[in-house]
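The values are calculated or read from the model by the stated rules, or taken from the named source; none is laboratory data. In this text, all values refer to a predicted model and were calculated from it rather than measured experimentally. Here the Cβ positions follow ideal geometry from the backbone for every residue, glycine too, while neighbour counts run over all protein chains shown. Note: areas computed on protein heavy atoms with side chains; ligands, DNA, RNA excluded. Shrake-Rupley method; radii C 1.70, N 1.55, O 1.52, S 1.80 Å.
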Amino acid sequence: MMNKLSRIGLLTLLSLCWTFSSQGQGAQNPIIHADVPDLAMIRVGDTYYMSSTTMHMSPGVPIMKSKDLVNWQLVNYAYDTLANVDEMTLTNGKSTYGRGSWASSLRYHKGTYYLTTFAQTTGKTHVYTTKDIEKGPWKAVSFRPSYHDHTIFFEDDGKVYLIYGAGNLKMVELREDLSGVKPGTERVPIDNASAPAGPNINLQAEGSQLFKVNGKYYLFNIAWPKEGMRTVIVHRADKITGPYEGKLALQDKGVAQGGLIDTPGGDWYAYLFRDYGAVGRIPYLVPVTWKDGWPVLGVDGKAPDKLNLPASKGLMPGIVASDEFTRRKGEAALPLVWQWNHNPDNKLWSVTKRKGYLSLTTGRVDTSFLLARNTLTQRTIGPESSGSTLIDVTKMKDGDFAGLALLQQRYGLVGVKSENGVKSIVMVNAQSGRPEEVGHIPLKQNKVYLKAECDFKERKDVANFFYSLDGKTWTKIGTPLKMAYTIPHFMGYRFGLFNYATKTPGGQVDFDYFRIQDQITKAE
């Protein structure tokens with residue numbers, strides 16, 4: 001039987017083969033076929049950094065690094081936990097799905113990195129600062145209110161501004177220490193920012209990101225005309241306070257919301273994202289040229305499929321990665337690809353309790369999967385992906401349910417249930433909005449292999465679930481899950497490892513590994 005190190009070597013070899021075969025093709029849109037929305041991006045020397053939204057997840061506000069705008073690697077998070085409140089800890093029946101922290105703003109100013117975000121969950125605007133964006137530590141301050149979709153901007157005269165809001169965009173000046181707003185500084189630099197997109201607007205202009213290029217100010221926003229698509233709007237001005245004039249900058253495929261980035265060689269791009277069904281909101285790069293002092297987005301008004309940039313080496317292991325749960329001395333307990341669904345209870349999980357395994361222990365009784373704590377997640381990736389695990393349920397207690405999830409409001413689960421002393425492999429399908437057990441097979445052993453496969457090609461958005469008793473022969477269980485991107489969760493589907501109790505706390509389940517692949521079983 002192949003040991004863990006041999007398996008790791010084989011997976012690495014397969015990944016390298018895929019990487020070498022992709023060289024020379026050039027970059028393609030989307031640059032990341034996974035849920036990385038609300039991009040904010042900066043360049044410091046020859047290195048790019050990008051932040052994104054992960055809302056209710058912990059840790060939160062991921063920081064990614066790239067040398068070529070195409071191949072990105074997670075390097076940090078702005079915070080471990082946003083706040084310790086019932087909504088974040090899934091306590092007293094509360095949750096904060098789709099809320100938590102939203103679109104961040106990222107800046108580098110006089111040797112310091114600034115990341116700001118805002119949260120309905122706390123009602124605050126949060127400011128995180130560090131000298132080392134890759135390693136931290138971060139200093140955190142916060143103040144009320146929560147400034148929606150704001151952009152922070154450091155002016156040459158030392159003043160610091162926020163532009164925020166929707167439709168009528170507002171501006172405030174911050175105190176020098178960024179601890180709050182200077183009283184009496186609120187103004188409205190643009191009173192109808194949606195106007196360039198027409199009179200009939202479904203989503204008013206929001207998602208502000210402000211840039212200064214050759215002495216002029218450029219404010220990027222998104223609007224969504226009725227019967228139309230997500231649209232990029234750009235306003236420009238000679239002074240930060242205005243007056244601003246606006247233009248419709250891009251209207252193609254719904255690719256919108258983001259801003260400007262330049263390369264060391266002087267090329268310009270707009271970084272944007274596209275709603276793309278169940279996999280989530282996926283980043284695009286759009287070439288930018290300049291004409292008459294305006295940024296011109298796209299190629300003949302379109303977001304091109306191909307880009308004059310290096311080829312992607314794939315999203316593994318920079319954005320998602322397999323994990324054998326073996327740790328060398330000094331390594332982090334969990335790699336950055338992992339995030340907990342809401343704040344974890346750190347007393348109840350371990351990668352050292354049983355060497356080479358992730359152990360999840362129940363600490364309370366829960367009524368539903370979505371309200372259970374300590375579900376450990378990674379992004380799904382497109383156009384297709386699979387996640388698999390091997391679980392040991394020897395230490396389960398009666399009433400426990402543990403296994404592999406595809407997490408969204410309309411979730412799917414495959415796992416092991418212990419009921420009245422009898423263990424069974426079950427599949428739960430919640431595509432109707434309520435969970436239904438649609439597969440049930442008696443389990444006579446304490447270890448079982450589980451797998452979930454996602455097909456996102458051309459928004460097919462269908463997942464299938466499998467089990468295996470020997471790791472070789474896989475059997476489909478239950479019914480296909482029709483995945484759907486729902487606004488209550490506001491996030492692409494995630495693979496999740498879970499264990500929760502419905503009767504008695506204290507049960508333990510051990511996960512031998514999690515393996516992700518960018519392919520699925522082909523239909524015969």
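Helix 4-22 versus the longest principal axis of the chain: what is the Cα-based angle in degrees, 0 to 90, to the nearest 10?
Helix 4-22 and the main axis of the chain meet at about 40 degrees.
P(r) for the chain, please, calculated from all Cα pair distances in 20 Å bins and given in %.
With 20 Å bins starting at 0, P(r) equals 22, 54, 22, 2.
If I stretch the segment between ASN346 and ILE487 completely, what's the gain in nm (0.36 nm per residue apart, minus their alpha carbon distance), one decimal? Intermediate values should be presented prior to the final figure.
Values: separation 141, 0.36 × 141 = 50.76 nm, distance 2.88 nm.
Full-extension gain reported as 47.9 nm.
Percent of alpha carbon pairs in segment 345-421 separated by more than 15 Å?
On the way: 1843 of 2926 pairs.
Tail fraction, whole percent: 63.
Would you kindly compute the Cα radius of gyration of segment 29-163 and its largest Cα-Cα separation (Dmax), both in Å?
Considering segment 29-163 through its Cα atoms, Rg and Dmax are 14.9, 49 Å.
Setting aside same-chain residues fewer than 8 positions from LYS94, which lysines have a Cα under 23 Å from its Cα?
Within the straight-line limit of under 23 Å, LYS94 reaches these lysines: LYS124, LYS347, LYS503.
Whole angstrom only: what separates the Cα centroid of segment 282-336 from the Cα centroid of segment 405-480?
Taking the Cα centre of each part, segment 282-336 and segment 405-480 sit 31 Å apart.
So for each of 286-296, 159-169, 48-58 I average, over its residues, the number of other beta carbons within 10 Å; can you give me the resulting order with the highest mean first?
Details: 286-296: 15.0, 159-169: 20.3, 48-58: 23.0.
In decreasing order of mean packing, 286-296, 159-169, 48-58 become 48-58, 159-169, 286-296.
Once you place label points 7 Å from the Cα toward the Cβ at LYS444 and LYS302, how far apart are they in nm?
Inter-label distance under the simple model: 6.0 nm.
Counting only protein heavy atoms, what percent of the accessible surface of segment 169-315 is carbon or sulfur at a 1.4 Å probe? Before the final figure, lay out the partial values.
On the way: 2880 of 6350 Å².
C and S fraction of accessible area: 45 percent.
For segment 193-263 and segment 75-95, what is the centre-to-centre distance using only Cα atoms, to the nearest Å?
One Cα centre to the other: 32 Å.
At a Cα cut-off below 20 Å, give the lysines reachable from LYS353, other chains included and same-chain residues fewer than 8 away excluded.
Reachable lysines: LYS4, LYS329, LYS395, LYS397, LYS447.
Filter the trypsin sites (Lys or Arg not before Pro) in segment 321-359 to those in DSSP coil with at most 16 other Cβ atoms within 10 Å of their Cβ, and list the result. Don't skip to the answer; put the middle values down first.
Numbers: sites: ARG327, ARG328, LYS329, LYS347, LYS353, ARG354, LYS355; in loops: ARG327, ARG328, LYS329, LYS353, ARG354, LYS355.
Qualifying residues, ordered by number: ARG327, ARG328, LYS329, LYS353, ARG354, LYS355.
Estimate the FRET efficiency between THR504 and ASN200 by the formula 1/(1 + (r/R0)^6), using the beta-carbon distance for r and 51 Å for R0, to the nearest 0.05.
Details: r = 57 Å, r/R0 = 1.12.
It comes out at approximately 0.35.
When only DSSP loop residues count, what trypsin sites (Lys or Arg not before Pro) in segment 446-505 have their Cβ near at most 12 other Cβ atoms within 10 Å?
Working: sites: LYS447, LYS451, LYS457, ARG459, LYS460, LYS472, LYS476, LYS482, ARG494, LYS503; in loops: LYS460, LYS472, LYS503.
When the trypsin sites (Lys or Arg not before Pro) of segment 446-505 are filtered for loop state and at most 12 Cβ neighbours within 10 Å, LYS472 remain.
GLU331 to THR367: FRET efficiency via 1/(1 + (r/R0)^6), r the Cβ-Cβ distance, R0 45 Å, to the nearest 0.05?
0.80
For segment 217-369, what does the accessible surface come to per residue with a 1.4 Å probe? Please give it in Å². Let's see the in-between values first.
On the way: 6560 Å² over 153 residues.
Normalised by residue count, the accessible surface of segment 217-369 is 43 Å².
Using the beta-carbon distance between GLU155 and ASN192 and R0 = 22 Å, what value does 1/(1 + (r/R0)^6) give for FRET efficiency, to the nearest 0.05? Could you put the intermediate results ahead of the total?
On the way: r = 25 Å, r/R0 = 1.12.
Approximately 0.35, to the nearest 0.05.
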